[in-house]
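Reviewing the structure listed below.
Just so it is clear, none of the values below were taken in a lab; they were calculated from the coordinates. Quick caveat: nothing in here was measured; it's all calculated off a predicted structure. As a convention, Cβ positions derive from the backbone with ideal geometry for all residues, glycine included, and neighbour counts pool all protein chains shown.
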Amino acid sequence: MTPLLVLEQLLNGVQFGVMLFLMAAGLTLVFGIMNLVNFAHGSIYMIGAYLCAYTYGRTGSYILAILAALAGALVIGIAVETIVFRRLYRRDHLDQVLATFGLILFFNESVRLIWGDTALYSSVPPFLAGRVAIFPGMTYPLYRLAIIVVGLAVAVALYLLVMKTRLGMLIRAGASNRTMVGALGVDIALLFTLLFGLGAMLAALSGLLAGPVFSVTAGMGDGVLILAIVVIVIGGIGSIRGAFIAALLIGVVDTMGRVFLRPMLAAFMAKSAADNAGPALASMAIYILMAVVLYFRPQGLFPPRGR
């Protein structure tokens, strides 16, 4: 275990964390502000990855592939919000869960019909291929570094949007008292549609960035959705700052645990026992972290004001 290896894995954890943030940011906006349980958010993540991989394979243009994925997610998100979710805002969360579970099945089977059961290959674009020197004796994949930069840029942009713009003011006001905001002449339905579309685009951005790192397969968003829910629970439902910090925390804890927990346990127990206990404890680490946070702060690390 060398310092350079620890630093590289720490960067991998940050990269995984910013991808989780992109996924969780849209989910926490929709859940925290619209009070809508959307388990189909992971399906938009999957669709973004598929649209980007397919378009890039057909056209050879990564920029066009990104635009196709984001535009497709925006259209699908607005359509789903208008057709399905607009009828569920006043229903209880159980109805929302059942409806979104049905959407998960629909989207998973749709991508299987269109692209088949086999994984879709997604390659890193040439201008982001290779490795870049960070410190003497240490290089890091340029694509993973680009993911970190994009995630940080989106985090800053979301903060400025929510905290410094008129639209952000309306979003925060709608979260506090949507009835009063509607009475002041604001079109709440349109505001929620735009918010849902923004969340869909963020999920698609996370999916298209994940495509070259993980495999693009049907149902790929289901596991990420669980991690995104853990992120918003730890960070505080409805809090962008909380989602960002919690995502980085989970990314680092998960990555470092999977890489270093087994060799650390092997120093204190038999290798066979460490081989069994290490991966199991690494998989449990983020849920143990969630339990500890909720014990001391039931509303999360950074709950929005008024909660």
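Short version: what are the Cα gyration tensor semi-axes of the chain, square root of 5 times each eigenvalue, largest first, in whole Å? Provide the component values of the computation, followed by the final result.
On the way: eigenvalues 209, 118, 75 Å².
Gyration-tensor ellipsoid for the chain: 32, 24, 19 Å.
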Rounded to the nearest 10 degrees, the helix 93-115 long axis (Cα) sits at an angle to the longest Cα principal axis of the chain of 60 degrees
In degrees, nearest 10, the alpha-carbon axis of helix 142-164 is tilted away from the dominant principal axis of the alpha carbons of the chain by 30 degrees
Contact order relative to length for the chain, counting C-alpha pairs under 8 Å separated by 6 or more residues, stands in percent at 34 percent
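Fewest Cβ neighbours within 10 Å first, please rank 109, 8 accordingly.
Details: 109 12, 8 18.
In increasing order of surrounding Cβ atoms, one gets 109, 8.
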If one builds a Gaussian network model of the chain from Cα atoms under 10 Å apart, the most fluctuating residue listed among 18, 230, 97 is 97
The ³J(HN,Hα) series, computed from each phi in the stretch 214-222 with the Karplus coefficients 6.51, -1.76 and 1.60 at θ = phi - 60°, rounded to the nearest Hz and given as x for glycine or proline, is 10, 7, 8, 9, 5, x, 5, x, 5
Mean-square fluctuation maximum in Gaussian network of the chain, Cα pairs under 10 Å, restricted to 256, 201, 264, hits 264
Connecting every pair of Cα atoms under 10 Å apart in the chain and solving the GNM, the largest mean-square fluctuation among 268, 39, 192 falls on 268
The answer for residue 131, listing residues at least 5 apart or on another chain whose modeled amide H is closer than 5 Å to its amide H, is 142
Rounded to the nearest 10, the angle in degrees between the Cα long axis of helix 41-59 and the longest principal axis of the Cα atoms of the chain comes to 70 degrees
What helix-only [θ] at 222 nm does the chain give? Using -39500 (n - 2.57) per DSSP H run of at least 4, over all residues, to the nearest 500, the answer is -26000 deg cm²/dmol
Cα-based Rg then Dmax for the stretch 189-267, in Å, read 15.7, 58
